[in-house]
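The values are calculated or read from the model by the stated rules, or taken from the named source; none is laboratory data. Note that the structure is a prediction, hence the values are computed from the model and not measured. Cβ placement follows ideal geometry from the backbone for every residue including glycine, while neighbour counts extend to all protein chains displayed. With ligands, DNA and RNA removed, areas are computed over all heavy atoms of the protein, side chains included. Shrake-Rupley method; radii C 1.70, N 1.55, O 1.52, S 1.80 Å.
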Amino acid sequence: MNAAPIAIALDDVRLLIGAALLAAGGLILLIAAIGQARLPDLYARLHTLTPSYTWGGALVLAALAIGAWDGRFGLRVLVLAVLLAIVGPALSHMLANAAHAAGLAPRVGKLDAEDAP
């Protein structure tokens, strides 16, 4: 039995999984970019920013790691994805804390048409 067709099939599956992760991460980042443009203030924008780069960025990096030909490179990218997922929420919290300490108040109430960005 020839193992070459099996290796090619497994390689295709690996690349398909990487493409699916890349598409999912790109979609999350696109939705977050739309949210960044639509939301009125820093605090509301942080609600789209934190999950987007935590999940979207980690998915894109995981897709790169799965699609990598070199195992060491893939491992490094996976470590970077894990660090991004761990550190991202803490960075957003620090940004919100700094904005609050600087006196930036969140918008409250219903936005009018002239207030929308």
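Provide the net charge surrounding Ser52, with neighbours chosen by a C-beta distance below 14 Å and charges set as Lys +1, Arg +1, Asp -1, Glu -1.
On the way: positive: Arg38, Arg45; negative: none.
Surrounding charge for Ser52 is +2.
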³J(HN,Hα) across segment 38-46 via Karplus (A = 6.51, B = -1.76, C = 1.60, θ = phi - 60°), whole Hz, x for Gly/Pro?
8, 7, x, 9, 4, 5, 5, 5, 5
What is the distance, in nm, between label points placed 7 Å from the Cα along the Cα-to-Cβ direction at Ala20 and at Ala44?
3.6
Ordered by residue, what ³J(HN,Hα) values in Hz, to whole numbers, does segment 50-65 give under the Karplus form 6.51 cos²θ - 1.76 cosθ + 1.60, where θ = phi - 60° and Gly and Pro are x?
4, x, 5, 7, 6, 8, x, x, 5, 5, 5, 5, 5, 5, 5, 5
Gap separating the Cα centres of segment 68-104 and segment 14-53, nearest whole Å
14
Say R0 is 30 Å: what FRET efficiency, to the nearest 0.05, do Asp11 and Leu83 get from their beta-carbon distance?
0.60
Expressed as a percent, the accessible surface of the chain that is carbon or sulfur, using a 1.4 Å probe and the full set of protein chains, is 74
Measuring from label point to label point, each 7 Å out along Cα→Cβ, what is the Ala90 to Leu104 span in nm?
2.1
